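S.K.: This is the structure I want to talk about, given as structure tokens.
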């Protein structure tokens, strides 16, 4: 888990990235092209995400599903309970529709399959923000 | 929705017209009645005034008559009575005119004033009640004192009346004229009112008629639209229906649904009940959750479309003849928005069974074509003599399988024994086919192995369980005939080609040390190498190289295969050595050699090394097979054996290293979790060990975890002339 110590006050949305792959976390952070998004932290599993969420109070979350300790589906449910207005984009390699429906039911707002292109990521985030 | 709004507008208009009509009629009736009443009283007053006109003259004449009578001492009672009656009549009529209020006020007032001036002179006359005459025999009749007074009063009244009769009469005539004018005005107003009322009623009636006409036209259009909708819903091939907020189907749906779901009771049916008996529980749960999500506005329509779990739904239904059939349905959902958000969800259902089956057929056909192509390419790299040898051996094996299948059996144990024998033969065929890169044959045998494995898992076995295997065996035989035919054609083709590659064929020596960087095309024998193959039927090097390449590709491994001395294998040992090497090479590729990134982390070369060496020893022969892979740990072997239930956990705990290593040669043992074409069934090393033992040899294994695994096969000296064992 890592936090950004100096959040930029000019940004209007705080973004938290949750994925057990360090490479994927960096990829998402690097690829998102929204000026109004400020990455406030990244987490490698559901438990870390919860802890970080309470500290940083993000508005937007990208969430992996298959993670150790606490999976993404459970984590989504908990985050939505903490902050119903949070907008969550699921980014997962689990491509089956049942998982997507499960995630949406728990409170996710968008779904993106891995692997994805930068364009697909930014389109998915744009839909999430509008 | 638009039709309902128009209908509401029309109803409001009709109500407005009705109200206006009632108001007009009411107004006409009310004012008409008032005007008629007014006219009637005016006419009555007019009659009264007209009658009154004559009275001043009459009163003057009556006074004249009364005076005359008094002068001649005639009877005056009658004349006085008539005068009294006239005066009374005038008084009464004037009061009546005043009371009616219809007479012109000033005119009437003036007439009353003039009449009141009559009163002082008329009153003493009409009120006279005495005896006017005195009768005496001498003087005859003479006026009495009362009579003289009465006469004087009559005379004064007569003079007054003669003087004022005409002005009063004129005044009463004016009053009559005014009353006539008033009556005439009232009649004109009444006529105008009636005319206006009739006109207004006419206009309203026309408006009502117009709206009625419009309504009929709209109703006709609505009926036609309804009819057209019915036709569309009847003939469209997709199933359409609306879901309400409770996820229940609306009262209108397309006819196609009845064919798709073999029912007609859709109205009010919940979406869950629609799918309940057609799909597995997990699918149903997901579908219901998805439909629920559609009613929330959290996800937009495109996203919902992309996660639609009912895009290709497999359902099992009754085909109407008592049998079950599988169909594929595609559900699409669209939100129907109203002013307050989502009003309905429109669901369209298409039967895409033919599309799905066609796609599968195309895929199968593509797979088949690829398999044929692979087989042909594989065959081009196989020595024709080796191929023929393989086909002959396989034919023999299949005959053996047939014999096994035909063996009579009744008890479960006998069936299981048959299965075990069957499995070994199939595994042997698969090994040979894999070694020759004949993937089409190997994959078919692999499927049969799966079927045998399934049979093994059944609690009880019967002869019927073997029937599918017999069918598959027939298919395999047909395929092998195809392979043989193709091999013959290829052979003819090669013979007919000009000697383009004689050098390659003739110069290709038996490679004593073939190095094949795995993942590239097998460098073994050149395709046209018939001449080279002729002298070395027992040389396994090209076959092993080819197999190594395929294994490396299939398992994403990289290794070099180094082969030494295989040309010296005596014919009696050729078959066993081949089986040993095929099995060991498969084990090395699957279990031994690590993936390149793993090797890199372990500070090993990316490309692994597998060495095969066959040599003559003083006591016989020795085959050494070594790979520089992960090695084998006794712990892993014990854990795998416990997992496979070959030994109990306690027994495994008691095993020493030697006993644990011996598990490699136990029947049914494998450390591979899943089953692939090359490993995981636990058949192979036990067969190898048994074959070696049959030849009087021994097999041993030594390993260092993380560094190497080495198999050593020791065989006794053989009579090279005795080829019967091969």
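Here, each number is a calculation from the coordinates, and none is a lab measurement. Just so you know, these numbers come straight off a predicted model, no measurement behind them. Virtual Cβ from ideal backbone geometry, glycine too; neighbours counted across all protein chains shown.
S.K.: Can you tell me the orientation of helix B:571-587 relative to chain B, as the angle in degrees between its alpha-carbon axis and the longest Cα principal axis, to the nearest 10?
M.R.: Roughly 40 degrees between the two axes.
S.K.: Please compute the length gained on full extension between residue B:346 and residue B:162, using 0.36 nm multiplied by the number of residues separating them and subtracting their Cα-Cα distance.
M.R.: Net length gain for the segment: 55.6 nm.
S.K.: Evaluate the relative contact order of chain B (contact order divided by residue number), counting alpha-carbon pairs under 8 angstrom at least 6 apart; express in whole percent. Mind showing how you got there, number by number?
M.R.: Working: 953 pairs, mean separation 54.7, N = 726.
About 8 percent, as a whole number.
S.K.: Sticking with this structure for a sec: Could you work out which residue, out of A:57, A:71, A:96, moves most in a Gaussian network model of chain A, that is, has the largest mean-square fluctuation with Cα springs under 10 Å?
M.R.: In the Gaussian network model the winner is A:96.
S.K.: I need A:123, B:425, B:460 ordered by Cβ neighbour count within 10 Å, fewest first.
M.R.: With the fewest neighbours first, A:123, B:425, B:460 line up as B:460, A:123, B:425.
S.K.: Please label the shape of the stretch B:390-433 as rounded, prolate or oblate, based on the square roots a ≥ b ≥ c of the eigenvalues of the alpha-carbon gyration tensor (a/c under 1.5 means rounded; beyond that, a/b larger than b/c means prolate, else oblate).
M.R.: Oblate shape, in that a/c is at least 1.5 and b/c is the bigger or equal ratio.
S.K.: Would you mind classifying the stretch B:2-213 by shape? Square roots of the alpha carbon gyration tensor eigenvalues, ordered a ≥ b ≥ c; an a/c under 1.5 is rounded, otherwise it is prolate if a/b is larger than b/c and oblate if not.
M.R.: Prolate is the answer for the stretch B:2-213, as a/c is 1.5 or above and a/b outweighs b/c.
S.K.: Based on the alpha-carbon gyration tensor of the stretch A:75-130 and its eigenvalue square roots a ≥ b ≥ c, which shape applies: rounded if a/c is under 1.5, prolate if not and a/b is larger than b/c, or oblate?
M.R.: Oblate, because a/c is 1.5 or more while a/b does not exceed b/c.
S.K.: Next question, about the same structure. At a 10 Å Cβ-Cβ cut-off, how would you order B:347, A:130, fewest neighbours first?
M.R.: Ascending Cβ contact count within 10 Å gives the list A:130, B:347.
S.K.: Which three lengths, in whole Å and largest first, does the protein assembly as shown cover when its Cα atoms are put on their principal axes?
M.R.: Between the extreme Cα coordinates on each principal axis of the protein assembly as shown lie 220, 70, 61 Å.
S.K.: Also, quick follow-up: How many Cβ atoms of partner chains, on average, are near each residue of A:101-112 if near means within 10 Å of its Cβ?
M.R.: 5
S.K.: Relative to the first principal axis of the alpha-carbon coordinates of chain B, what is the inclination of helix B:353-380, with its axis defined by its Cα atoms, in degrees from 0 to 90 and to the nearest 10?
M.R.: Once rounded, one gets 20 degrees.
S.K.: In nm, what is the difference between 0.36 nm times the number of residues separating residue B:353 and residue B:228 and their Cα-Cα distance?
M.R.: 42.1 nm is the gain from fully extending residue B:353 to residue B:228.
S.K.: Counting DSSP beta bridges in the protein assembly as shown, what percent are antiparallel, to the nearest 5?
M.R.: If I count the DSSP bridges inside the protein assembly as shown, around 70 percent turn out antiparallel.
S.K.: Return one quarter of the surface area of the convex hull spanned by the alpha-carbon atoms of chain B, equal to its mean projected area, in nm². Please report the intermediate quantities before stating the final value.
M.R.: Values: hull surface 275.0 nm².
Average of the hull's projected areas for chain B equals 68.7 nm².
S.K.: With just the Cα atoms defining each centre, how far is the stretch B:350-415 from the stretch A:38-81? Give it in Å.
M.R.: With the stretch B:350-415 and the stretch A:38-81 each reduced to a Cα centre, they are spaced 51 Å.
S.K.: Select from A:78, A:30, A:87 the residue whose mean-square fluctuation is largest in a Gaussian network model of chain A (Cα-Cα springs shorter than 10 Å).
M.R.: For chain A, modelled as a Gaussian network with Cα springs under 10 Å, the answer is A:30.
S.K.: In addition: Compute the distance from the alpha-carbon center of the stretch B:78-118 to that of the stretch B:138-214, in whole Å.
M.R.: 12 Å
S.K.: When a footprinting reagent is the concern and you count Cβ atoms within 10 Å, what order do B:37, B:388, A:42, B:48 take, fewest first?
M.R.: Sorted ascending by nearby Cβ count, the order is B:37, B:388, B:48, A:42.
S.K.: When the expected Rg is taken as 2.2 N^0.38 Å, what fraction or multiple of it is the alpha-carbon Rg of the stretch A:10-129? List each step's numbers first, then the result.
M.R.: Values: Rg = 12.6 Å, N = 120, 2.2 N^0.38 = 13.6 Å.
Cα Rg divided by the expected 2.2 N^0.38 Å: 0.93.
S.K.: Ok, one more. Would you calculate, for the protein assembly as shown, the mean residue ellipticity at 222 nm contributed by helices, counting each DSSP H stretch of 4 or more residues as -39,500 (n - 2.57) and dividing by all residues, to the nearest 500?
M.R.: -20000 deg cm²/dmol
S.K.: Once you average over the residues of B:279-289, how many Cβ atoms of partner chains fall within 10 Å of each Cβ?
M.R.: The mean count of partner-chain Cβ atoms within 10 Å per residue comes to 2.
S.K.: Please tell me the relative contact order of the stretch B:2-213 in percent, rounded to the nearest whole number, where contacts are Cα pairs under 8 Å and at least six residues apart.
M.R.: It rounds to 38 percent for the stretch B:2-213.
S.K.: Another question, if that's okay. How tilted is helix B:541-555 with respect to the longest principal axis of chain B? Cα atoms for both, answer in degrees (0 to 90, nearest 10).
M.R.: Roughly 30 degrees, rounded to the nearest 10.
S.K.: Also, I was wondering about something else. Give, in whole angstrom and from largest to smallest, the semi-axes √(5λ) of the equivalent ellipsoid of the stretch B:239-351, with λ running over the eigenvalues of the Cα gyration tensor.
M.R.: 24, 16, 11
S.K.: Right, here's the next one. Please tell me the relative contact order of chain A in percent, rounded to the nearest whole number, where contacts are Cα pairs under 8 Å and at least six residues apart.
M.R.: Relative CO of chain A lands at 23 percent.
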